[in-house]
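Step one of this worksheet: look at the structure below.
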Amino acid sequence: NAAIEAARAGEQGRGFAVVAEEVRKLAEQSQEAAERVAELIHTSSEYTEKALAGMKSSTTEVVRGTAAINHTGELFSQLVEHIKQVSEGMDNVCSKMNEIFRGNQEVLRTSEDLKHIAEETATEAENISVSVSSQQNSQADITSASQSLAGLAQDLQGLIGRFKI
C-alpha cells in the first residue's frame, strides 16, 4: 500500500517508496526472526521437558535403589549376627567335642575348620556391610544431585516461559 501511494505521489514519493520497501523488508526479516525464536523456544522446551522426565525417572530409580540397598544392608546385618551366633555355637561345640572325644583328632580339626570358615564368613559379611553403607552414601549424593538438577531444569523452564510471542 505504501509503494502504491508513493507511485501516485510521483517524484516526491520516490524517497518514500524506498523507505516503504525497506520497512517491508524489515517486517519480513522480523517475522522470520520471530519464527526462528519461536522454533528455538519450542525446541528448548521439548528438551527441558525430556530432561525433567529423565530426571524424575532417575530420581525414582535412585529411590528404589536406595530402598533395595537399605534392605540388603539390613539383611547383611542380620546375617552377620547369625554368623556370630553360629561362631559362638561352634566354639561351644568344639569345647564339648574336646571333652567327649579327646582321642579323635580328625573330628576336632574338622570343627576348627568350620569355626574358621564361620569367622571368615562373618568378616566378609562385615566387609560387605561396609560396602553397602558406602553405596548408600553414594546413592544419597546421587539423589541430592538429581534433585538439584531438577530444580535447575524447573528454573530454566520458568525462564523460557517468559519468552512469549
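In whole Hz, with x marking every Gly and Pro, tabulate ³J(HN,Hα) for segment 53-64 from phi via Karplus 6.51 cos²θ - 1.76 cosθ + 1.60, θ = phi - 60°.
5, x, 5, 5, 5, 4, 4, 4, 5, 5, 4, 4
Please state the relative contact order of the chain as a whole percent: Cα pairs under 8 Å, 6+ residues apart?
Normalised by residue count, the contact order of the chain is 33 percent.
Go ahead and estimate [θ] at 222 nm for the chain from helices alone: -39,500 (n - 2.57) per DSSP H run with n ≥ 4, summed, over the residue count, rounded to 500.
Values: 3 runs with 153 residues, N = 165.
It lands at -35000 deg cm²/dmol.
Just to confirm a number: summing +1 for Lys and Arg and -1 for Asp and Glu over residues other than S111 whose beta-carbon lies under 14 angstrom from that of S111, what do you get? The partial results should precede the final answer.
Numbers: positive: K96, R102, R109, K115; negative: E88, D91, E99, E106, E112, D113, E119.
Surrounding charge for S111 is -3.
Jot down the per residue volume, in cubic angstrom and as a whole number, of the convex hull over the alpha-carbon atoms of the chain. All intermediate terms of the calculation are to be shown ahead of the outcome.
On the way: hull volume 18.6 nm³, N = 165.
Hull volume normalised by residue count: 113 Å³.
Could you tell me what a quarter of the Cα convex hull surface of segment 51-131 works out to, in nm² with one decimal place?
Details: hull surface 24.3 nm².
With the hull built on Cα positions only, its mean projection is 6.1 nm².
Give the aspartates and glutamates whose C-alpha is closer than 20 Å to that of K25, dropping any in the same chain fewer than 8 places away, or say none.
The reachable aspartates and glutamates, counting only those whose Cα sits under 20 Å from K25, are E5, E35.
Between A140 and A53, what's the calculated FRET efficiency when r is the beta-carbon distance and R0 is 22 Å? Round to 0.05. Intermediate results must be reported in sequence, preceding the final value.
Numbers: r = 23 Å, r/R0 = 1.03.
Rounded to the nearest 0.05, the efficiency is 0.45.
If you take every residue apart from S30 with its C-beta less than 13 Å away from the C-beta of S30, what net charge results, scoring Lys and Arg +1 and Asp and Glu -1?
On the way: positive: R24, K25, R36; negative: E22, E28, E32, E35.
Taking every Cβ under 13 Å from that of S30, the sum is -1.
Sort all Cα-Cα distances of segment 120-165 into consecutive 10 angstrom bins from zero, then give the percent of pairs in each bin up to the one containing the longest distance.
Pair shares across the bins are 24, 24, 18, 15, 11, 6, 2.
Among S134, V80, V93, which residue has its Cα furthest toward the positive end of the charge dipole of the chain, with +1 on Lys/Arg Cβ and -1 on Asp/Glu Cβ?
S134
Every read-out reported here was derived from the displayed coordinates using simple, explicitly stated rules and does not represent laboratory data. All figures in this text were calculated on a predicted structure; none of them were measured in a lab. As a convention, Cβ positions derive from the backbone with ideal geometry for all residues, glycine included, and neighbour counts pool all protein chains shown.
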